[in-house]
1. Hey, among the residues in segment 71-82 that are of a type outside the set (Val, Ile, Thr) and under 12 Å from LEU6 (Cα atoms), which one's surrounded by the fewest Cβ atoms within 10 Å (Cβ to Cβ)?
2. Report those strands (runs of 3 or more DSSP E) wholly inside segment 1-70 carrying at least 1 residues which are in contact (Cβ under 8 Å) with a residue 60 or more places away in the chain and crowded, with 18+ Cβ neighbours inside 10 Å.
3. Give me the pairs, please: first residue somewhere in segment 84-104 and surrounded by fewer than 21 Cβ atoms within 10 Å (Cβ to Cβ), second residue anywhere and outside any strand (DSSP E or B) and among the basic types (Lys, Arg), beta-carbon distance under 6 Å, and either six or more positions apart or on two chains.
4. Does THR78 satisfy the condition of being closer than 21 Å to HIS11 by Cα, among the polar types (S, T, N, Q) and either in contact with a helix residue (DSSP H, G or I) (Cβ under 7 Å, 6 or more places away or on another chain) or at pLDDT below 80 (or both)?
Amino acid sequence: MPIRILIADDHEVLREGVRSILKRARPKWEICGEASSGQEAIEATKRLRPDIVLLDITMPELSGLEAASRIATLGLNTRILIFTMHESGELANDARRVGALGYVSKSDASRQLVVAIETLLSGGTFFGTPQTAPAPENPKAGPPIISIVFRTALRLV
């Protein structure tokens, strides 16, 4: 049975580019669906049960982080990979906290996307470059301010 991947991003041209990268690199992988919002990603995950959900952070209706959190609670064997333009250790921490197993910057897609997916499929986690590696957490400190500001901004979109 082929590996099934759901691509969730609000930009159609980006979804097409990702589809092209993945098909070229791993022709046996199947792009089983696409979504253009966080809510669509959740619904498509329930319906299609992909092995991997590739989620952008900034999407309409629900952010990728909110969608990841909801997908993680579905009890499926779906692995969540955040795929974003934001290169931030704090956001990578947020992604990990909500159930994502990986975080790849769009600027690193040609070098890291396939490797990240393969890592998740083999049971590992992948948090990309040093800029996107989760920052060490201080359990006594509150959430990083950039994380609070970004999450607030996402709710306004």
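The values are calculated or read from the model by the stated rules, or taken from the named source; none is laboratory data. Since this is a predicted model, take the numbers as computed values, not measurements. A quick note on method: Cβ atoms are made from the backbone with ideal geometry, for glycine too, and the neighbour counts reach across all protein chains shown.
1. So the first thing to find is which residues in segment 71-82 are of a type outside the set (Val, Ile, Thr), and the list is 72, 74-77, 79, 81.
Imposing the further condition that a residue be under 12 Å from LEU6 (Cα atoms) reduces the set to 79, 81.
Numbers: ARG79: 25, LEU81: 23.
Filtering segment 71-82 for residues that are of a type outside the set (Val, Ile, Thr) and under 12 Å from LEU6 (Cα atoms), the one surrounded by the fewest Cβ atoms within 10 Å (Cβ to Cβ) comes out as LEU81.
2. On the way: elements: 4-8, 30-35, 52-55.
The qualifying strands (runs of 3 or more DSSP E) are 4-8, 52-55.
3. Final answer for the pair search is MET85/LYS106.
4. On the way: closer than 21 Å to HIS11 by Cα: no; among the polar types (S, T, N, Q): yes; either in contact with a helix residue (DSSP H, G or I) (Cβ under 7 Å, 6 or more places away or on another chain) or at pLDDT below 80 (or both): yes.
No.
Matching residues to (1) outside any loop (DSSP other than H, G, I, E, B); (2) modelled with pLDDT of 85 or more; (3) crowded, with 16+ Cβ neighbours inside 10 Å; (4) in contact with a Gly (Cβ under 7 Å, 6 or more places away or on another chain):
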site	(1), (2), (3), (4)
LEU120	yes, yes, yes, yes
ASN138	no, no, no, no
GLY142	no, no, no, no
SER147	yes, no, yes, no
